[in-house]
Amino acid sequence: MTEIASSLTRAVARQYDLFQTSLERMGKERKFLNYGFTVTGDEPDDPIDERQQRLCLEVFKAADIGPDHLVVDVGFGSGEQDFLFARTSEFRQLIGFNISDRQVRYATDRARGEKLDRKLTFCLGEAELLPGIADASVDRLLAIECAFYFDRPRFYRRAAQVLKPGGLLVAADIALSDRLAFLTRREDLGRVGTASENRREWERSFRTRSVRHINRQTRPGVQMSVWRILKTAPLARFTAAERREWLKLAYYSQLVALGLSLELVTYDLLVLEKSVLEKKE
């Protein structure tokens, strides 16, 4: 991270460092960090890992990635989604950016161990900066459940800079409904934004290709995540700091589950195309 990274960004980085160390200690084979995607016919006891993988596959499908494409994945977590991508899709190269040093090191070591380090590159860096990425060089930019941590105006501008004309930003994104706009005055929710406010911001640089509303498909996984944390955290060999962060995640996730049910929170799969001309303020 840069020296001028915000206190909020630094706090999120520390949080995900703790998530990563605890996941490694638990020996969890698949380290997805998303709420998953549930389809009709899923049984209530189907593993959440399968649903988490399905969400990633929905994003990949929406991105329509080709064999010659350079892909950037921001906020990649443990990198699990990118290793899944490498197994299931053809692309030229993927570069991931993350603010958690621990997660970057884990993903880099894994790529080297699986001999994918020429295909997958993981970097420490903020999504609002994307250091080292040339303008108009990227075909697809992915953001799975992470844009609510970003300074959105800066992120959208930088994403538009690095994408080629006609390039796509594809995001699985959570926002507040317009009825809860007053909550964006809170420091911890300001970057989440409201659905309409966020759209106004991205449409300065992007044309909206599609907005797929997936509250119904994501809510079951959110609730399952809460249950799994509450079942695991009290007994796991976590440090006090790790346990605190997991329980905090459970608390916020329960609020998200309630918000999705009441349509006070929106979960959308966004496909945005870089505009030829950026809109003026």
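Every read-out reported here was derived from the displayed coordinates using simple, explicitly stated rules and does not represent laboratory data. For clarity, every value in this text was computed on a predicted model and none was experimentally measured. Neighbour counts are summed over all protein chains in view; Cβ atoms, including those assigned to glycine, are modelled from backbone coordinates with ideal geometry.
Annotations for the structure displayed:
- For E50 and R105, a Förster radius of 41 Å and the Cβ-Cβ distance give a FRET efficiency of 0.90, rounded to the nearest 0.05.
- Spin-label zone in the range 210-228 - amide nitrogen under 14 Å from a point set 7 Å from the Cα of S261 along the C-beta vector: 216, 219-227
- Cα-centred dipole magnitude for the range 116-200, charges only on beta-carbon of K, R (+1) and D, E (-1), debye, nearest 20: 200 debye
- Charge-dipole axis of the chain as Lys and Arg at +1 and Asp and Glu at -1 on Cβ define it, positive-most pick from A134, T108, L255: L255
- Peptides 79-91, 185-197 ranked from most to least packed give 79-91, 185-197, packing being the mean of other C-beta atoms within 10 angstrom over each peptide's residues.
- Think of it as helices only: each DSSP H run of n ≥ 4 in the chain is worth -39500 (n - 2.57), and spread over all residues that comes to -13500 deg cm²/dmol at 222 nm.
- For the peptides 101-108, 138-145, 210-217, 65-72, the ranking by packing is 138-145, 101-108, 65-72, 210-217, with the highest mean count of neighbouring Cβ atoms within 10 Å listed first.
- Residue by residue, the range 98-109 carries 3J(HN,Hα) couplings of 8, 9, 8, 4, 5, 5, 5, 5, 4, 5, 5, 5 Hz when phi is fed to the Karplus relation 6.51 cos²θ - 1.76 cosθ + 1.60 (θ = phi - 60°); x denotes Gly or Pro.
- The listed peptides 32-38, 119-125, ordered by packing as a protection proxy, come out as 32-38, 119-125 (highest mean of other Cβ atoms within 10 Å first).
- Karplus-derived 3J(HN,Hα) values for the range 185-190, using 6.51 cos²θ - 1.76 cosθ + 1.60 with θ = phi - 60°, are 6, 6, 4, 7, 10, x Hz; glycine and proline are entered as x.
- The mean sequence separation of alpha-carbon pairs under 8 Å and at least six residues apart, normalised by the residue count of the chain, gives a relative contact order of 21 percent.
- Cut-off under 5 Å, modelled amide H: who pairs with S275 long-range: F206, R207
- Farthest toward the positive end of the dipole of the chain, out of A175, Y35, A143, is the Cα of A175, where the dipole comes from beta carbon charges about the Cα centre.
- For the range 166-281: rounded, prolate or oblate by the Cα gyration tensor [a/c cutoff 1.5]: prolate
- Matching the structure-derived Cα Rg over 2.2 N^0.38 Å against the labelled list [x] 1.24; [y] 0.95; [z] 1.14 gives the label [y].
- Charge dipole magnitude, Cβ of K and R +1, D and E -1 - the chain, Cα centre, debye nearest 20: 280 debye
- Per-residue ³J(HN,Hα) for the range 192-201, Karplus 6.51 cos²θ - 1.76 cosθ + 1.60, θ = phi - 60°, Hz, x for Gly and Pro: 5, x, 9, 4, 6, 5, 4, 5, 4, 6
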